[in-house]
Amino acid sequence: MLYPYVTLWLSVVALSVAPPSPENGRRRLEKNQPKESISYENLDLNNYDQNLDVYGESIDLINYEDLYDYSEPQPKIEVGTLAPLGKKTEIFTTQEPQITTPGSTSPKPEEPSLFGSMTDQGLPTCLVCVCLGSSVYCDDVDLTTIPPLPKDTTYLYARFNKINRIRSADFAGLNKLKRVDLSSNSLSEIDDDALRLLPSLQELILPENQLRALPELPSSLIHLDAKMNQLQSSGIQTEAFKDLTKLQFLYLSDNKLDYIPVPLPTSLRSLHLQNNNIHNMHKDAFCDSRDRAFIRRALEDIRLDGNPINLSKFGDDYFCLPHLPTGSYY
């Protein structure tokens, strides 16, 4: 009785698991197919293999894992820090050694002629001193002699040194020299021909030295300052200032003079003889006793204070002066 029912159940199961027919499968594919068809017109199928070869050359698949390591986390980047220099950078920052070839020499220093002749210190004058135009400044540089000077020197300042002598050749050929200032040196001697042949010398400044005598002076001199030395009357030549017709300022204070040097040029405007050892005065020291009409109008400043002379005893010797000398009258 059960056989017909079993047979029917087996038939139903067989139908349910049976593979679909080709027709049904075709219908399903067409149903799942996209509405728009894919176009292969832009694909170069002929060179497809070649493109793959090129692609393999551009990317090294064997070492691809080395390009990016996924196993380790990326290092942190610190903002504001510089990466260490690489080898290439070191090539440019490292100073290259100097290569010397046979016969090559190091650069020579400036020729001494550019800075004047060599001094006793072994250096050119204009390196020891300062040369500005026609002026030479040699103050406080421990000079012991007059340095060789450029031929166009007009003004020389060599104060506060240790120069002890002016030699005949020191100023030879310096025809433009107008001013020589050797204040505060150790001068004790000046050669007779050291100054008298200088045609343009106007100012000779020699205070605070150890001079005992004056040499023959040029007629162009206007200003002579030899105060605070060891000058004695015997060290000044007879009529030493007579022919100095341009001399206006004569400063001989703080020396050891015994009398006023005469005769004095009429061009003189200022005479300083204070703090010497003057006792007497020559009657024609300032005026001409034979010419009562003579008036010395230029000489307005005479300093005789600090001397043992009593000026009131020589009243008749001042009649030609516009102003009386400064000093003791009692």
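The values are calculated or read from the model by the stated rules, or taken from the named source; none is laboratory data. Quick caveat, the model's predicted, so the values are computed rather than measured. Neighbour counts run over all protein chains shown; Cβ positions are idealised from the backbone, glycine included. Accessible surface areas use protein heavy atoms only, side chains included; no ligands, DNA or RNA. Shrake-Rupley method; radii C 1.70, N 1.55, O 1.52, S 1.80 Å.
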With criteria (1) open to solvent by less than 20 Å² (accessible area, probe 1.4 Å); (2) in a loop (DSSP other than H, G, I, E, B), ARG196 comes up short on (1)
Is it the case that some residue within region 203-217 is on the phi > 0 side of the Ramachandran plot and over 31 Å from the mean Cα position of the chain (by Cα)?
yes
Give the residues of region 158-167 that are assigned to a loop (DSSP other than H, G, I, E, B) and open to solvent by 20 Å² or more (accessible area, probe 1.4 Å), sorted by residue number.
ARG159, PHE160, LYS162, ASN164, ARG167
Quick count over region 281-325, residues being free of Cβ contacts under 8 Å to residues at least 24 places away in the same chain and among the basic types (Lys, Arg), is 2
Total residues in region 208-251, condition within 20 Å of PHE171 (Cα to Cα), open to solvent by 60 Å² or more (accessible area, probe 1.4 Å) and either among the acidic types (Asp, Glu) or in a helix (DSSP H, G or I) (or both)
1
Return the only residue of ASP316, ASP288 being open to solvent by 30 Å² or more (accessible area, probe 1.4 Å), assigned to a loop (DSSP other than H, G, I, E, B) and of a type in the set (Asp, Glu).
ASP288
Among (1) at pLDDT 95 or above; (2) open to solvent by less than 90 Å² (accessible area, probe 1.4 Å); (3) at positive phi - the single one GLY103 does not satisfy
(1)
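Residue-wise test of (1) on the phi < 0 side of the Ramachandran plot; (2) open to solvent by less than 30 Å² (accessible area, probe 1.4 Å); (3) touching a residue at least 12 places away in the same chain (Cβ under 8 Å); (4) in contact with a strand residue (DSSP E or B) (Cβ under 8 Å, 6 or more places away or on another chain).
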residue	(1), (2), (3), (4)
ASP140	no, no, yes, no
LEU156	yes, yes, yes, yes
ALA169	yes, no, no, no
LEU182	yes, yes, yes, yes
LEU187	yes, yes, yes, yes
Among the residues of region 142-153, write down those that are closer than 16 Å to GLY173 by Cα and open to solvent by less than 20 Å² (accessible area, probe 1.4 Å).
ILE146, PRO147, THR153
